[in-house]
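Working notes, structure below.
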Amino acid sequence: MSHERESIAQTLVADGKGILAADETVPTLTRRFDTLGIQSTEQSRRTYREMLFTAPGAAEFISGVILQDETIRQQSSGDTPLAQVLSNQGILPGIKVDTGAKPLAGSPGETVTEGLDGLRDRLSEYHGMGARFAKWRAVIHITDTLPSHACVTANVHALARYAALCQEQSLVPIVEPEVLMDGPHSIERCEQVTGLVLHAVFRALFEQGVAPEGMLLKPNMVIAGKECSRQAAVEEVATATLRCLRRHVPAAVPGIVFLSGGQNARLATAHLNAINRLPGPKPWKISFSYGRALQDPALEAWHGRDENLAAGRRAFSHRARANGAASVGKYTDEMEAAPRDADDPPHRRDWRDD
């Protein structure tokens, strides 16, 4: 079974491919729909997800999709389970299994992610529904005094217990400790906190017997807070991020798949590309597990209208292709030309011909 987990983890970070995070909860996706005046119903959410999952050529750049409980239980418009729609294209279905960040007792302004109760049985059910990997997100707030030791300890312990249960149930855990961009903190403060958190994460994983070869890490990039007066240049973000990862992530981990964390679509791609272009050793594959940075252009193009489904698929395929290139350091500004027509999928990896 351990060999199977290692194979799945390596498949998820195959050259030129990354992961689509389509695991927004119903309230979160509803807020995004509301912004564009789209009515959020089970039907409209299914239509939106199916649009992404069936974008022409997407399977060339997307290795896996993280689903949410509602989505993994839904059928496509052709009455095929959405998880099977993905697997039929060679895309691995995954599942978000945490139940969200809740206020941490005794630590004002901090949260702990819940969802361990009954998790073993839920993982077994999801595996039976086709899921081959899972995701759990811990949320870490930065201030001059936060995170507290209590917050870091509680969250990494939960991440490690989740990961151990996943491996027991033959699922690859994606471990996501997100140090938030919210706030005025500097890039230096972000690097300090991210390093502290990653160190704690891998110590907790070791203590819970989690095999690093059968997991993936989904971290934030080292980046200045949104309200910081000095925003770091792309190369500075890349250098600080890779330095932090080299110091704290074991070489046995097959891959690092970044979250976009509120970056706009093109900046998230540029940062990933810059990290992959840096010289020096990178013992893990470095790719993406983006949500909004992959979805936002497609959501805007679709706008909830059936006549725009082709435009939405085209916008998604375009961003998937750009990030696939960035995951091997081959992204260029020229790739941001107008997306191709939906009937002209990006099958040919021209960025590989270099």
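What follows is calculated from the coordinates using simple rules that are stated; it is not laboratory data. All of these numbers come straight from a predicted model, not from anything done at the bench. Positions of Cβ are backbone-derived with ideal geometry, glycine not excepted, and every protein chain shown enters the neighbour counts.
Descriptive notes on the structure:
- Take every pair of alpha-carbon atoms less than 8 Å apart whose residues are at least six positions apart; their mean separation over the length of the chain yields a relative contact order of 19 percent.
- Spatial separation of Cα centroids for the stretch 267-335 and the stretch 93-140, in angstrom: 26
- MRE, 222 nm, helices only [DSSP H, n ≥ 4, -39500 (n - 2.57), over the chain, to nearest 500]: -13500 deg cm²/dmol
- Estimated vicinal HN-Hα couplings, Hz - the stretch 55-61 in sequence order (Karplus 6.51, -1.76, 1.60; Gly, Pro = x): 5, x, x, 4, 4, 6, 10
- Projecting the alpha carbon convex hull of the stretch 66-167 along each direction and taking the average yields 7.7 nm².
- Here, the stretch 45-113 is characterised by an Rg to Rh ratio of 1.16, where Rg is the alpha-carbon radius of gyration and Rh the Kirkwood radius.
- Cross-linked pairs 102/135; 17/226; 226/282; 285/330; 17/102: Cα-Cα separations exceed 21 Å for 17/226; 226/282; 17/102.
- Here the ratio of the Cα radius of gyration of the stretch 150-279 to 2.2 N^0.38 Å is 1.05.
- Rel. contact order, % - alpha carbon contacts under 8 angstrom, at least six apart, the stretch 161-271: 34
- Amide H contacts under 5 Å for residue 92: 64, 65, restricted to partners 5 or more places along the chain or on a different chain, H placed in the peptide plane at 1.01 Å from N.
- Extent of the chain along its three principal axes (Cα atoms, max minus min coordinate, largest first): 52, 45, 42 Å.
- Relative contact order (%) - the stretch 1-113, alpha-carbon pairs under 8 angstrom, separation at least six: 25
- Charge tally around residue 161: other residues with Cβ under 14 Å, Lys/Arg +1 each, Asp/Glu -1 each, net -2.
- Taking only the Cα atoms of the stretch 205-349, the ratio Rg/Rh comes out at 1.02, with Rh defined as the Kirkwood radius.
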